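Have a look at the structure below, then the notes.
The values are calculated or read from the model by the stated rules, or taken from the named source; none is laboratory data. No experiment lies behind these values; they were computed from the predicted model shown. Here the Cβ positions follow ideal geometry from the backbone for every residue, glycine too, while neighbour counts run over all protein chains shown. Side chains are part of the model used for accessible areas, which takes the heavy atoms of the whole protein and leaves out ligands, DNA and RNA. Shrake-Rupley method; radii C 1.70, N 1.55, O 1.52, S 1.80 Å.
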Amino acid sequence: MEEKKYEYTSMEIKPKNGSIKYQLLIVACINVGQVIVGYSVGWSAPILPKLKNIDETPLTDVVTDLEASYIGSLLYIGSMIGPYITSIFSNVVGRKPCLLIGGLLNILAYVLVITTKDIAMVYAVRIISGLGMGITIVGNIVYVGEIASTNIRGILLTSTSIIGIFGTLLVYAVVPYVSYSQSGYIALVISVIHVVGVCFIPESPVYYAIKDRPVSVTKTLDLLGRSADVDKVLETFSRKKGETTSKIRDWTEIFTVKSNRMSLFLTFTLGAFQQTSGVAVVLFFATTIFDTAGSSIRPDLATIIIGVTRLLSSLIAPSFVERSGRKILLLISMAACAFSLLILGLYFYLDRTHVAFIKNIGWLPLVALIVYFFCYEAGFGTIPNAIVGEMFRANVRSNGSALAITLTWLVGFGLTTSFTTMVKVLGGDVTFWIFGGSCVLAFLFTFFFLPETKGKTLNEIQDMLS
């Protein structure tokens, strides 16, 4: 059926000239959602001390250690379900509606924060936040990967991680000094801004190609400054005449098509190593870790310093990802992360064995974590997101990304739930040495298995993996 001539809707941004600047404006709109992603990830760190303080908690009683661990880890329950909402609907109704669903769930979560009365509502907040987070992360990665020009795709994909880090820094810097309910108002305002911004972005040209709407593909790519890519996108992503959409086929092709199998293997393994490096544990329980270590630095101040470090170091990846490539940055980052975690484990060992001079090095946990986060966000924390956005064929990209990310978060859920038990049974030293060992394994995996994708189109990457 011939498609009608494309016309702008009243809810779309109308740039004067299609250009790279339009891509930047679009990414800025959806990255407001990444602020909320980071906010949700870091929210439990400053909130748990409030829930354990009878004068600050909105609950009738303070939370127990078990309840605190649930508050930290339940975010993963929602985040493991959320990506499948994106995968189910992104090829049916489009990428943009999925981004709107994620934003609306975030609004609901923080309305619940404002109205919290009991522990069940806190649990609900974390699960719904996770749902919104899962939908937003996968939706953003897929969407940005499809609208971005090849020469800046890596930069725009890594920007989503950077903005997420800013959201976590916002929590660390502000929430310790406001009330529980005020932390909800802050996130609610940001969530509303996000939903409004998403209303004004166009649909992905790849979605239009999948739906056999060539006029919309041409118009959208023209707006994005990618007119030269029209034929390539239509040839690569349009379904052949007579071919029908099959959700079952799209799922099975993740495993039956070699390039998709390799994409899943690479993205899941990298994501699993991210989690087993201990990053989520430190973010969820940062304040608790500094208390446990007996550090001479105030826990609330230490978490702010870590947040600033993460934000500044994350700016390194976009500066080099399209020049040096993904792989070399990952290798350097992983090696440095392993070293810093081994040092942190050594501090816990010295503390556990009551070495006399331990009081003179109370600053060491903070320094070790500053080094860890500086190196982590410079590569290990940001580049895997860019790689996820470059993997999988168009018809399975949402499903494949969702599967890889939810499997990753399943690892994270198990780790955050068991962290307090690990520290009690194994000690902080062995726990952080395990995390450091995971970074060593990640280094070896990246060196031997991960291909370089710098400068390659999405189609070329799939050909390389086949």
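Residue pairs whose Cβ atoms lie under 9 Å apart, sitting 6 or more positions apart in sequence or on different chains, and linking a residue in region 27-48 that is under 15 Å from Leu169 (Cα atoms) to a partner that is part of a helix (DSSP H, G or I) and among the acidic types (Asp, Glu), are Pro46/Asp300.
Restricting region 67-84 to residues that are aliphatic (A, V, I, L, M) and open to solvent by 10 Å² or more (accessible area, probe 1.4 Å) leaves a set whose member that is nearest to the chain's Cα centre (by Cα) is Met80.
Among the residues of region 85-103, is any surrounded by fewer than 17 Cβ atoms within 10 Å (Cβ to Cβ), in a loop (DSSP other than H, G, I, E, B) and more than 15 Å from the chain's Cα centre (by Cα)? Yes: region 85-103 contains one or more residues that are surrounded by fewer than 17 Cβ atoms within 10 Å (Cβ to Cβ), in a loop (DSSP other than H, G, I, E, B) and more than 15 Å from the chain's Cα centre (by Cα).
For region 177-213, the set of residues classified as part of a helix (DSSP H, G or I) and of a type in the set (Phe, Trp, Tyr) consists of Tyr177, Tyr180, Tyr185, Tyr207, Tyr208, listed by residue number. What's the total number of residues in region 189-219 that are without any contact (Cβ under 8 Å) to a residue 40 or more places away in the chain and open to solvent by less than 30 Å² (accessible area, probe 1.4 Å)? Adding up the residues that qualify gives 2. The set of residues from region 40-66 being more than 17 Å from Ser179 (Cβ to Cβ) and surrounded by fewer than 17 Cβ atoms within 10 Å (Cβ to Cβ) comprises Asp61, Thr64, Asp65, Leu66. For Ile135, the requirement of being in a helix (DSSP H, G or I) and either within 26 Å of Gly381 (Cβ to Cβ) or without any contact (Cβ under 8 Å) to a residue 60 or more places away in the chain (or both) is met. Just checking, does region 109-129 include any residue being open to solvent by 30 Å² or more (accessible area, probe 1.4 Å) and of a type in the set (Asp, Glu)? Checked against the condition, which is being open to solvent by 30 Å² or more (accessible area, probe 1.4 Å) and of a type in the set (Asp, Glu), region 109-129 yields at least one hit.
Only one entry in Arg153, Arg126 is among the basic types (Lys, Arg) and closer than 23 Å to Tyr70 by Cβ, namely Arg126. The condition of being in contact with a Leu (Cβ under 6 Å, 6 or more places away or on another chain) and in a helix (DSSP H, G or I) holds for Phe435. Cβ-Cβ distances below 6 Å connect no pair with a first residue in region 165-184 that is surrounded by fewer than 23 Cβ atoms within 10 Å (Cβ to Cβ), a second residue that is among the charged types (D, E, K, R) and not in a helix (DSSP H, G or I), and a separation of six or more residues or different chains. Applying the condition of being surrounded by fewer than 18 Cβ atoms within 10 Å (Cβ to Cβ) and in a loop (DSSP other than H, G, I, E, B) to region 245-291 and asking which residue is modelled with the lowest pLDDT yields Thr245. Listed by position, the helices (runs of 4 or more DSSP H) contained in region 322-417 that have at least 3 residues being open to solvent by 20 Å² or more (accessible area, probe 1.4 Å) and within 16 Å of Phe435 (Cα to Cα) are 326-352, 364-375. Summed over region 404-439, the residues that are hydrophobic (A, V, I, L, M, F, W, C) and closer than 20 Å to Ile127 by Cβ give a count of 8.
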